[in-house]
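J.: Just passing along the structure, written as structure tokens.
The values are calculated or read from the model by the stated rules, or taken from the named source; none is laboratory data. From a predicted model like this one, the values you see are computed outputs, not experimental measurements. Quick reminder, even Gly has a Cβ in these numbers, built from the backbone with ideal geometry, and neighbours come from all protein chains shown. Quick note on the areas: whole protein, heavy atoms, side chains included, nothing else; ligands and nucleic acids left out. Shrake-Rupley method; radii C 1.70, N 1.55, O 1.52, S 1.80 Å.
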Amino acid sequence: MEHLQGKVSVITGAASGFGRELAILCARENMRLVLADVDADGLEETVRLLRWDESDGQCDQVVTTTCDVSRFEDVEKLADMAWDHHGGAHLLFNNAGVACAGPVWTTTQADWDWVLGVNLMGVVHGIRAFVPRMLKSRESCHIVNTASVAGLVSPVGSSVYCVSKHGVVTLSECLYHDLQMAKADIGVSVLCPAFVPTGIADAARNRPAELADSNPMAAPFEAVVKEAVRKGRISATEVAETTLQAVRDGSFYILTHDKILPTIRTRMEEILEGRLPSNPMKT
């Protein structure tokens, strides 16, 4: 999809991080926006950062809604909003994400329900709610699913998060193949960044009270992740810029951190050569 100007872009997780930066860049491309998140205050701040002048009528270019992507009915209403306000959707960024940490054997049911509900089922819901409408529209469209390098490697203490992100990678690959078989004019990309200074390390701020039962051994692992996120040298803005360029180029895998490529290669070699898995945090 080379030309983005005037397109309709739907972004989940738009209240912070990659979602906010994608919204800002899409606004600069004069795209019409549908922004969603569970964080209403964060969404309001994102809209403020777009710096559109209401006197120019540009505020009509963006609509926002609170949306829990783990609930299909919420995502279906998001699709309704895109078609009701803008007549459709050309770009869908299934970007909302959360994280937790700790050893596999001390994970709680709530950990699994929360993270898989948002990270994996949120993408599933986005695909189910939007793709049938995109197919019916017969317009050129593109879907970007936010995974992670954690969807390509398996670090210690990251089981729940990794399972969710590995799921997003293979889901995106299957979606690509299915759309190719259907001869649909819908591109697919999967975004796999490494550590970037965003709010992901503090995702628990939006964790539902009914899913608050977290891994009792999470603290030391979360401390390592927070420090790695803090030290990330590639910004969310740079990741968003790379992502939009990938949409223009029709790229599938979006790997934003070149330094992680040897680690990914090592894992693939371990699989093919039948070796024991190494800890990617030490390679």
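J.: May I ask for the distance between the Cα centers of the range 201-264 and the range 117-181, given as a whole number of Å?
T.: 16 Å
J.: What nm value, rounded to one decimal, do you get for the distance between Asp80 and Phe252 when each label is placed 7 Å out toward the C-beta?
T.: 3.5 nm
J.: If you don't mind, there's one more thing I want to ask. Using a 1.4 Å probe, what is the accessible area per residue for the range 1-142, in Å²?
T.: Details: 6240 Å² over 142 residues.
Averaged over the residues of the range 1-142, the accessible area is 44 Å².
J.: Further, regarding this structure: Report, to the nearest 10°, how far helix 72-86 tilts away from the longest principal axis of the Cα atoms in the chain, using its own Cα long axis and a range of 0 to 90°.
T.: Orientation of helix 72-86: about 30 degrees from the principal axis.
J.: To the nearest 10 degrees, how steep is helix 40-50 against the longest Cα principal axis of the chain, on a 0 to 90 scale?
T.: 60 degrees
J.: Whole-Å semi-axes of the chain's equivalent ellipsoid, largest first, each the root of 5 times a Cα gyration tensor eigenvalue? Walk me through the numbers before you get to the answer.
T.: On the way: eigenvalues 181, 92, 64 Å².
Working from the Cα gyration tensor, I get semi-axes of 30, 21, 18 Å.
J.: Could you give the spread of the C-alpha atoms of the range 128-283 along their three principal axes, from largest to smallest, in whole angstroms?
T.: 50, 45, 28
J.: OK, next. Return the carbon/sulfur percentage of the accessible area of the chain, one whole number, probe 1.4 Å, all protein chains in place.
T.: Details: 7160 of 13780 Å².
C and S atoms contribute 52 percent here.
J.: Another question, if that's okay. What FRET efficiency comes out for the pair Arg265/Trp112, r = Cβ-Cβ distance, R0 = 30 Å, nearest 0.05? It would help to have the intermediate numbers written out before the result.
T.: Working: r = 30 Å, r/R0 = 0.99.
Efficiency computed from Cβ-Cβ geometry: 0.50.
J.: When only the heavy atoms of the protein chains count and the probe is 1.4 Å, how do Thr66, Thr12, Thr107 rank by accessible area, highest first?
T.: Numbers: Thr66 85, Thr12 10, Thr107 30 Å².
Highest to lowest solvent-accessible surface, that is Thr66, Thr107, Thr12.
J.: Taking each pair of distinct Cα atoms in the range 90-149 once, what is the resulting Kirkwood hydrodynamic radius in Å?
T.: Numbers: mean 1/r = 0.0763 Å⁻¹.
Every distinct Cα pair counted, the radius reaches 13.1 Å.
J.: To continue, here is another question. Could you compute the FRET efficiency for Asp178 and Ala204, with r as their C-beta to C-beta distance and R0 at 35 Å, rounded to 0.05?
T.: Numbers: r = 34 Å, r/R0 = 0.98.
The pair Asp178/Ala204 has a calculated efficiency of 0.50.
J.: Place a +1 charge on the Cβ of each Lys and Arg in the chain and a -1 charge on the Cβ of each Asp and Glu, then give the dipole magnitude about the Cα centre in debye, rounded to the nearest 20.
T.: I would put it at about 760 debye.
J.: Going by the alpha-carbon gyration tensor, a ≥ b ≥ c the square roots of its eigenvalues, is the range 40-196 rounded (a/c under 1.5) or, if a/c is not under 1.5, prolate (a/b greater than b/c) versus oblate? Numbers along the way, then the final one.
T.: Numbers: a/c = 2.07, a/b = 1.36, b/c = 1.52.
Oblate.
J.: Now, a different point. Counting only Cα, what are the radius of gyration and maximum Cα-Cα distance Dmax of the range 219-268, in Å?
T.: Both quantities, over Cα of the range 219-268: 13.7, 41 Å.
J.: Just to confirm, what accessible area per residue do you get for the range 183-283 at 1.4 Å probe, in whole Å²?
T.: Details: 6140 Å² over 101 residues.
That works out to 61 Å² for each residue.
J.: Given Cβ point charges of +1 (Lys, Arg) and -1 (Asp, Glu) and nothing else, what value in debye, to the nearest 20, does the dipole of the range 236-283 about its Cα centre take?
T.: Numbers: 6 positive and 7 negative charges, 35 e Å.
Here the range 236-283 has a charge dipole of around 160 debye.
J.: DSSP loop (so not H, G, I, E, B), at most 10 other Cβ within 10 Å: list which trypsin sites (Lys or Arg not before Pro) in the range 23-117 pass both filters.
T.: On the way: sites: Arg28, Arg32, Arg48, Arg51, Arg71, Lys77; in loops: Arg51, Arg71.
Filter output for the range 23-117: Arg51.
J.: Which number gives the lysine pairs in the chain that have C-alpha atoms under 24 Å apart and are eight or more places apart or on different chains?
T.: 14
J.: Compute the Cα gyration tensor for the range 191-283, then decide on rounded, prolate or oblate, letting a ≥ b ≥ c be the square roots of its eigenvalues: rounded whenever a/c is under 1.5, prolate when a/b is larger than b/c in the other cases, and oblate in all that remain.
T.: Details: a/c = 1.95, a/b = 1.16, b/c = 1.68.
It comes out oblate by the Cα gyration axes.
J.: Mind listing the Cα extents of the range 165-227 along all three principal axes, in Å, largest one first?
T.: Each principal axis gives a Cα extent; for the range 165-227 these are 47, 28, 18 Å.
J.: Report the full-extension gain for the segment Ala40 to Val104: residue separation times 0.36 nm, less the Cα-Cα distance, to one decimal in nm.
T.: Values: separation 64, 0.36 × 64 = 23.04 nm, distance 3.26 nm.
Result for the pair: 19.8 nm of gain on full extension.
J.: Would you please classify the overall shape of the range 4-120 from the alpha carbon gyration tensor, given that a ≥ b ≥ c denote the square roots of the eigenvalues, rounded means a/c under 1.5, and beyond that prolate means a/b larger than b/c while oblate covers the rest?
T.: Numbers: a/c = 2.60, a/b = 2.00, b/c = 1.30.
Since a/c reaches 1.5 and a/b is larger than b/c, the shape of the range 4-120 is classed as prolate.
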